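Participant: Pasting in a structure now, in C-alpha cells, and then I'll have a few things to ask.
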Protein chains: 2
Amino acid sequence: MALRTGELCVCQIVELLQLAHSTVSKHMSILKQAGLVESRKKGRWVYYRLNNDPGRSFLAEQALNWVCEATSNDPVILDDLKILNENVRLDPDALCKSKIGK
Amino acid sequence: MALRTGELCVCQIVELLQLAHSTVSKHMSILKQAGLVESRKKGRWVYYRLNNDPGRSFLAEQALNWVCEATSNDPVILDDLKILNENVRLDPDALCKSKIGK
DNA sequence: TCTATACATCGCCACATAACGAAATATATG
DNA sequence: CATATATTTCGTTATGTGGCGATGTATAGA
C-alpha cells in the first residue's frame, strides 16, 4: 500500500513501518519473489515499486487489486499514506538521511 | 474449490479432505464469517455452499475468483474434483452414510 | 424418553511464520 | 585503501495458525 505513492527504498519503509531493517528486507524479497513488486538498485539504495509490468501475472494483478481495495480505508493505512504524502516532495537521498516524518 | 461442484455437508468435506470433523467445522465457520460461504441446515446436516449472493461484498467475490484461478490447475485440486464428480449423482443423505469415494 | 448421528466449541500441542540482532555484502566517499 | 551507509543473510526467539480429541448441542428415529 505504501508503494502506491511511488517507489520507496528499504530505509524509507523501515521508518514508515517502524520495523527492523532485516524484517523489511526479508518481506520485500518475499513480495518480489511472488511477483508483486519489482526493484532497482541505485548506488547503495534499493528502490522497490509495485509491479505494474504488463507482463506480470494475472494472479499478481488481482492480488494487488484485492489488497488495495481491502485496506484502502483502514485507519492505519490512511495514517501511513498521510506520513508518506508529507515527504513526497523530498529528494529520496535526503529522505533516507533525514528519516521520514522527522 | 470443492464447493464449486455444489453444496456439501461437513461430513462430505471431511471425507474428501481426510481431516478431523472438528478441523473442517472450524474452517467452515471461519469461511462463513468471512462471507465466502453460506450454509443451510437441513435436519442433522449443515450444507455449505459458495456465497453467490448478489449482495455479497465485492472483496469476497474477488477473493473467491482469485483462489479459483490460482488453484484450478493444482493437481491436488484436480484429483479432489475427480472424486467429487464420481459421487455427484448420489443423494446427499446416502453419501453421508456411504462415505465419499468408498 | 433414550440413543445415534451430525455438527460446533474448547483446550491443547505441533509446526509455521514474523520479529529481532549480529554478521556479511555492496557501494559511495574521504 | 579505509570508513560509513544501505541492504541482505543467518540464527534465534516469540507469536500465530492448523491440527486433533474431548465435550457440548441439536435433531431424527426407536
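The values are calculated or read from the model by the stated rules, or taken from the named source; none is laboratory data. Here the structure is a predicted model, which means the values were calculated and not measured. FYI the Cβ positions are ideal-geometry reconstructions off the backbone, even for glycines, and counts take in every protein chain you see. The area values use the complete protein model at the heavy-atom level, side chains included, leaving out ligands, DNA and RNA. Shrake-Rupley method; radii C 1.70, N 1.55, O 1.52, S 1.80 Å.
Participant: Within the stretch B:72-85, work out how many residues are assigned to a helix (DSSP H, G or I) and closer than 17 Å to residue B:36 by Cβ.
Facilitator: First, the residues of the stretch B:72-85 that are assigned to a helix (DSSP H, G or I): B:75-85.
Retained after the next criterion (residues that are closer than 17 Å to residue B:36 by Cβ): B:77.
Summing the residues that are assigned to a helix (DSSP H, G or I) and closer than 17 Å to residue B:36 by Cβ in the stretch B:72-85 gives 1.
Participant: Taking the conditions exactly as written (within 14 Å of another protein chain (Cβ to nearest Cβ), away from DNA strand D (no atom under 16 Å from the Cβ), without any contact (Cβ under 8 Å) to a residue 40 or more places away in the chain and of a type in the set (Gly, Ala, Ser)), does residue B:70 satisfy them or not? Give the derivation first.
Facilitator: Details: within 14 Å of another protein chain (Cβ to nearest Cβ): yes; away from DNA strand D (no atom under 16 Å from the Cβ): no; without any contact (Cβ under 8 Å) to a residue 40 or more places away in the chain: yes; of a type in the set (Gly, Ala, Ser): yes.
Here the answer is no, as residue B:70 does not meet what is asked.
Participant: If I ask for residues that are of a type in the set (A, V, I, L, M), more than 7 Å from DNA strand C (Cβ to nearest atom) and either more than 14 Å from every other protein chain (Cβ to nearest Cβ) or within 17 Å of residue B:11 (Cα to Cα) (or both), which ones from the stretch B:25-39 would you list? Walk me through how you get there before you give the answer.
Facilitator: The first filter runs over the stretch B:25-39 and keeps only residues of a type in the set (A, V, I, L, M), leaving B:28, B:30-31, B:34, B:36-37.
Next, only the ones that are more than 7 Å from DNA strand C (Cβ to nearest atom) stay: B:30-31, B:34, B:36-37.
B:30, B:31, B:37 - these are the residues of the stretch B:25-39 that are of a type in the set (A, V, I, L, M), more than 7 Å from DNA strand C (Cβ to nearest atom) and either more than 14 Å from every other protein chain (Cβ to nearest Cβ) or within 17 Å of residue B:11 (Cα to Cα) (or both).
Participant: Any idea which residue in the stretch B:24-46 is surrounded by the most Cβ atoms within 10 Å (Cβ to Cβ), counting only those that are touching a strand residue (DSSP E or B) at 6+ places or on another chain (Cβ under 7 Å) and charged (D, E, K, R)?
Facilitator: It comes out as B:38.
Participant: Show the residue pairs that are 6+ apart or on different chains and have beta-carbon atoms under 8 Å apart, the first residue being within the stretch A:37-62 and under 23 Å from residue B:68 (Cα atoms), the second being open to solvent by 60 Å² or more (accessible area, probe 1.4 Å) and away from DNA strand C (no atom under 13 Å from the Cβ).
Facilitator: Between residues of the stretch A:37-62 that are under 23 Å from residue B:68 (Cα atoms) and residues that are open to solvent by 60 Å² or more (accessible area, probe 1.4 Å) and away from DNA strand C (no atom under 13 Å from the Cβ), the close pairs are A:37/A:49; A:58/B:69; A:59/B:66; A:59/B:69; A:62/B:65; A:62/B:66; A:62/B:69.
Participant: With the condition kept exactly as written, say whether any residue in the stretch A:5-25 is over 25 Å from residue A:75 (Cα atoms) and part of a helix (DSSP H, G or I). I'd like the intermediate steps shown before the answer.
Facilitator: Taking the stretch A:5-25 as the starting set, the residues that turn out to be over 25 Å from residue A:75 (Cα atoms) are A:22.
Adding the requirement that they be part of a helix (DSSP H, G or I) leaves A:22.
The answer is yes; a qualifying residue exists.
Participant: Test residue A:59 against the stated conditions and say whether it is over 16 Å from residue B:59 (Cβ atoms), away from chain B (no Cβ under 14 Å) and modelled with pLDDT of 90 or more. Write out each step before concluding.
Facilitator: Working: over 16 Å from residue B:59 (Cβ atoms): yes; away from chain B (no Cβ under 14 Å): no; modelled with pLDDT of 90 or more: yes.
Considered against the rule, which asks whether it is over 16 Å from residue B:59 (Cβ atoms), away from chain B (no Cβ under 14 Å) and modelled with pLDDT of 90 or more, residue A:59 comes out as no.
Participant: Tell me, which residue of the stretch A:73-82 that is more than 14 Å from every other protein chain (Cβ to nearest Cβ) and open to solvent by 60 Å² or more (accessible area, probe 1.4 Å) is nearest to residue A:7 (Cα to Cα)? Don't jump to the end; show me each part of the working.
Facilitator: Within the stretch A:73-82, the subset more than 14 Å from every other protein chain (Cβ to nearest Cβ) is A:75-82.
From the residues that got through so far, the ones that are open to solvent by 60 Å² or more (accessible area, probe 1.4 Å) too are A:75-76, A:78-79, A:82.
Values: A:75: 22, A:76: 20, A:78: 18, A:79: 18, A:82: 16 Å.
Looking at residues that are more than 14 Å from every other protein chain (Cβ to nearest Cβ) and open to solvent by 60 Å² or more (accessible area, probe 1.4 Å), I get A:82.
Participant: Filter the stretch B:4-21 for residues that are on the phi > 0 side of the Ramachandran plot and open to solvent by less than 40 Å² (accessible area, probe 1.4 Å) and give the result.
Facilitator: Of the stretch B:4-21, the ones on the phi > 0 side of the Ramachandran plot are B:6, B:18.
B:6 - this is the single residue of the stretch B:4-21 that is on the phi > 0 side of the Ramachandran plot and open to solvent by less than 40 Å² (accessible area, probe 1.4 Å).
Participant: Out of the stretch B:1-15, which residues are more than 12 Å from DNA strand C (Cβ to nearest atom) and either in contact with a strand residue (DSSP E or B) (Cβ under 9 Å, 6 or more places away or on another chain) or within 14 Å of residue B:39 (Cα to Cα) (or both)?
Facilitator: Just the residues of the stretch B:1-15 that are more than 12 Å from DNA strand C (Cβ to nearest atom), to begin with: B:1-6.
Of everything in the stretch B:1-15, those that are more than 12 Å from DNA strand C (Cβ to nearest atom) and either in contact with a strand residue (DSSP E or B) (Cβ under 9 Å, 6 or more places away or on another chain) or within 14 Å of residue B:39 (Cα to Cα) (or both) turn out to be B:2, B:3, B:4, B:6.
Participant: Only one of these conditions is not met by residue B:40: (1) within 15 Å of DNA strand D (Cβ to nearest atom); (2) assigned to a helix (DSSP H, G or I); (3) charged (D, E, K, R). Which number is it?
Facilitator: Against the list (1) within 15 Å of DNA strand D (Cβ to nearest atom); (2) assigned to a helix (DSSP H, G or I); (3) charged (D, E, K, R), residue B:40 comes up short only on (2).
Participant: Of the residues in the stretch B:47-71, how many are open to solvent by less than 70 Å² (accessible area, probe 1.4 Å) and in a strand (DSSP E or B)?
Facilitator: Looking only at that region, the number is 3.
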